[in-house]
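See structure below.
The values are calculated or read from the model by the stated rules, or taken from the named source; none is laboratory data. For clarity, every value in this text was computed on a predicted model and none was experimentally measured. Cβ atoms come from the backbone with ideal geometry, glycine included; neighbour counts cover every protein chain shown.
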Amino acid sequence: MMGANKLTIAAARDALRKGDLTAVDLTMACLTAIDAGDGLGAFVHKTPEIALEQARAADARLAAGNAPSLCGIPLGIKDLFCTKGVASQAASNILKGFKPEYESTVTAQLFGAGAVMLGKLNMDEFAMGSSNETSCYGPVVNPWRCDDRELTPGGSSGGSAAAVAADLCLAATGTDTGGSIRQPAAFTGIVGIKPTYGRVSRWGIVAFASSLDQAGPMTKTVRDAAIMLGCMAGHDPKDSTSADLAVPDFEAALTGDIRGRRIGIPREYRMDGMPAEIEKLWAAGTAMLRDAGAEIVDISLPHTKYALPTYYVVAPAEASSNLARYDGVRYGHRAKLAAGDGITEMYEKTRAEGFGAEVQRRVMIGTYVLSAGFYDAYYNRARKVRALIKRDFEQAFAAGVDAILTPATPSAAFGLGEMANASPVEMYLNDVFTVTVNLAGLPGIAVPVGLDAQGLPLGLQLIGRPWEEGDLLNHAYVLERAAGFVAKPEKWW
Amino acid sequence: MAIDIDTARRVAHLARIRVEEDDLAALAGELSGILNFMEQLGEVDVTGIEPMTSVTPMRLVRRADVVTDGNIQAQILANAPDAREGFFAVPKVVE
């Protein structure tokens, strides 16, 4: 089958089961597309031997019948996931050469379901960034373009987003601490869902901010997101914050019927200086859900404006603690030492050489807000405001709102290098619509809804009740069908 | 809250990240900019609000206090930059 790499998971699954396609052929199509797509910088460690071995095993399983949905489906894996025997370096020089002796729970579950790993995907270093420019491998280029500039695919899951949008793989894993699945999904015209905190095990995923991190699928359609999330989710005793809840059949939740459901439109998300195109898209999405029979209600989430500063206290605080393990002793890089250097010099030189500028900045901010004398003023205050942000959502849901519709990003994809002279805080504004969801631990999904005047994709975000990913995906499915977004980037790579 | 050069030096040391003396002024400026952004949190009335400790209300899971893993010395040392005789090796820490 020509162009099998362009299939959705659902279409490939059906073709594989019918015998119209083999997993080996499908995998070969993706491997060919990956080699032709080096200009995108999405795949940073290719694993064709593993892929073909897994594909052959998948074909045998398909032939035997009763193969799971992901059997034979080729995926890209974000470099943040530990994969046994395969480089897993979180796009950081400090983990150069690190090959885990173990497999993350998420990838183990995906491979257990028969999925095929094509390789590891580029990202921002330790998932800290919104443009993929903090990666030790260099930036990913967005397959979408509107002039001769190279655009960012967003971050931190920029390699995952670009690889899916450019049909290098059928889908990819992402992780989302403040918007790292949803913002790149919106910038590349694909679907990305961050599940409820605790739905997907964090075990074996390199930690950034443990109370915010969640993994999720990045896919071409909402149906694919439902299929893949079902395989990623589930209780894991190795992650103490993993929820001991049954995983429903998310695909079965896609009924396309949202009549009578209440959609909240939060007034605080109407930011000053919001581009007219984003406002128009939001209004159009609202109309689509209304036309599908939902009731639209205005809601208030009064602490929204404090979400970014809260996030930029809590996330660096947790990062400074999590990243203390990179000390040049147990794995990764160790600096060359001068005569007479002791262990403190070893730590300091190793971390200065191994961490990039943004990671160093966040580790130091985190160190500062946790240090004696400032802990109450910054960290404890931020945790209190976080409780208020969560309460805002709880009150909206208690008042009968089923889902909340917002823009996914404050703009379309911007040019690589364009933010080079911006302050760190300006870059952080990319997360303005997405961080609230991480702070409150809720599920959120980005759905492509339209193109801007330059022809770049724009997405909307739906936020759901905790543990109600099935319901959230159904709302997203209705929005996807109404928007009818079918545009693809024109191939230049 | 502005961070001066001495504070920047202290934070870098606490974080065990070597920063050259010439780079401290720029670092202090960047950190001040970020902290300035966080100052907005001072506007929020947090009277009577407990700091959030758990994202979803759940009890920390406990398990029986028994050995469930081990005897994997080679795997644990496999990625070490310097492993000798079954140990991680580091510069001398005691005279």
Out of B:Val90, B:Val19, B:Val94, report the one residue that is over 30 Å from A:Pro100 (Cβ atoms) and either hydroxyl-bearing (Ser, Thr, Tyr) or surrounded by 12 or more Cβ atoms within 10 Å (Cβ to Cβ) (or both).
B:Val19
Could you check the stretch A:260-281 and list, in sequence order, the residues that are part of a helix (DSSP H, G or I) and either touching a helix residue (DSSP H, G or I) at 6+ places or on another chain (Cβ under 8 Å) or more than 16 Å from A:Ala412 (Cβ to Cβ) (or both)?
A:Arg267, A:Glu268, A:Tyr269
Odd one out for A:Ala440 among (1) more than 9 Å from chain B (Cβ to nearest Cβ); (2) surrounded by 24 or more Cβ atoms within 10 Å (Cβ to Cβ); (3) under 28 Å from A:Gly273 (Cα atoms); (4) under 20 Å from the mean Cα position of the chain (by Cα):
(1)
Working only within the stretch A:303-314, note down all residues that are hydrophobic (A, V, I, L, M, F, W, C) and either at the interface with chain B (Cβ under 7 Å from one of its Cβ atoms) or assigned to a loop (DSSP other than H, G, I, E, B) (or both).
A:Val313
Here are the criteria: (1) surrounded by 17 or more Cβ atoms within 10 Å (Cβ to Cβ); (2) among the charged types (D, E, K, R); (3) within 14 Å of another protein chain (Cβ to nearest Cβ). Tell me which single one A:Asp224 does not satisfy.
(3)
Of the numbered conditions (1) at pLDDT below 95; (2) under 17 Å from A:Met274 (Cα atoms); (3) surrounded by fewer than 20 Cβ atoms within 10 Å (Cβ to Cβ), A:Asp431 fails exactly one; give the number of that condition.
(3)
Selection count, the stretch A:162-192, where residues are of a type outside the set (Val, Ile, Thr), under 22 Å from A:Ala115 (Cα atoms) and under 8 Å from the mean Cα position of the chain (by Cα):
4
Would you mind stating whether A:Asp272 is exposed (fewer than 13 other Cβ atoms within 10 Å of the Cβ), under 20 Å from A:Leu442 (Cβ atoms) and either touching a Cys at 6+ places or on another chain (Cβ under 9 Å) or without any contact (Cβ under 8 Å) to a residue 40 or more places away in the chain (or both)?
no
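This table checks each residue for (1) more than 24 Å from the chain's Cα centre (by Cα); (2) modelled with pLDDT of 95 or more.
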{"position": "A:Pro302", "(1), (2)": "yes, yes"}
{"position": "A:Pro316", "(1), (2)": "no, yes"}
{"position": "A:Ala335", "(1), (2)": "yes, yes"}
{"position": "A:Ala339", "(1), (2)": "yes, no"}
{"position": "A:Ala352", "(1), (2)": "yes, yes"}
{"position": "A:Gln360", "(1), (2)": "no, yes"}
{"position": "A:Gly366", "(1), (2)": "no, yes"}
{"position": "A:Asp376", "(1), (2)": "yes, no"}
Within the bounds of the stretch A:324-337, is there any residue that is outside the structural domain of A:Thr196 (by TED's automatic domain parsing), closer than 23 Å to A:Ile94 by Cα and part of a helix (DSSP H, G or I)?
yes
Can you confirm whether A:Leu118 is at negative phi, among the aliphatic types (A, V, I, L, M), crowded, with 24+ Cβ neighbours inside 10 Å and assigned to a loop (DSSP other than H, G, I, E, B)?
no
Got at least one residue in the stretch A:353-365 being part of a loop (DSSP other than H, G, I, E, B) and touching a Ser or Thr at 6+ places or on another chain (Cβ under 6 Å)?
yes
Which of the helices (runs of 4 or more DSSP H) found entirely inside the stretch A:7-100 contain at least 1 residues meeting this: β-branched (Val, Ile, Thr) and free of Cβ contacts under 8 Å to residues at least 12 places away in the same chain?
none
Considering residues of the stretch A:330-349 that are without any contact (Cβ under 8 Å) to a residue 12 or more places away in the chain and facing chain B (nearest Cβ under 9 Å) only, the residue surrounded by the most Cβ atoms within 10 Å (Cβ to Cβ):
A:Glu348
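I'd like the full set of residues that are in contact with a Pro (Cβ under 9 Å, 6 or more places away or on another chain) and surrounded by fewer than 10 Cβ atoms within 10 Å (Cβ to Cβ), limited to the stretch B:31-78.
Selection gives B:Arg63 alone.
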Output yes when any residue across the stretch A:401-408 is out of contact with any Asp or Glu (no Cβ under 6 Å at 6 or more places or on another chain), surrounded by fewer than 16 Cβ atoms within 10 Å (Cβ to Cβ) and outside any helix (DSSP H, G or I), and no when none is.
no
Of the numbered conditions (1) closer than 19 Å to A:Pro248 by Cα; (2) surrounded by 24 or more Cβ atoms within 10 Å (Cβ to Cβ), A:Pro466 fails exactly one; give the number of that condition.
(2)
Filter the stretch A:69-96 for residues that are under 19 Å from A:Ala57 (Cβ atoms), buried (at least 24 other Cβ atoms within 10 Å of the Cβ) and β-branched (Val, Ile, Thr) and give the result.
A:Ile73, A:Ile77, A:Thr83
Sort through A:Val116, A:Val140, A:Val86 and tell me the only one that's within 20 Å of A:Ile9 (Cβ to Cβ) and among the hydrophobic types (A, V, I, L, M, F, W, C).
A:Val116
Looking only at the stretch A:191-219, and only at residues there that are under 26 Å from A:Leu479 (Cα atoms) and of a type in the set (Ser, Thr, Tyr), the one that is nearest to the other protein chains (Cβ to nearest Cβ):
A:Tyr197
With A:Ala357, A:Ala352, A:Ala317 as the choices, which residue is facing chain B (nearest Cβ under 8 Å), of a type in the set (Gly, Ala, Ser) and under 27 Å from A:Met427 (Cα atoms)?
A:Ala352
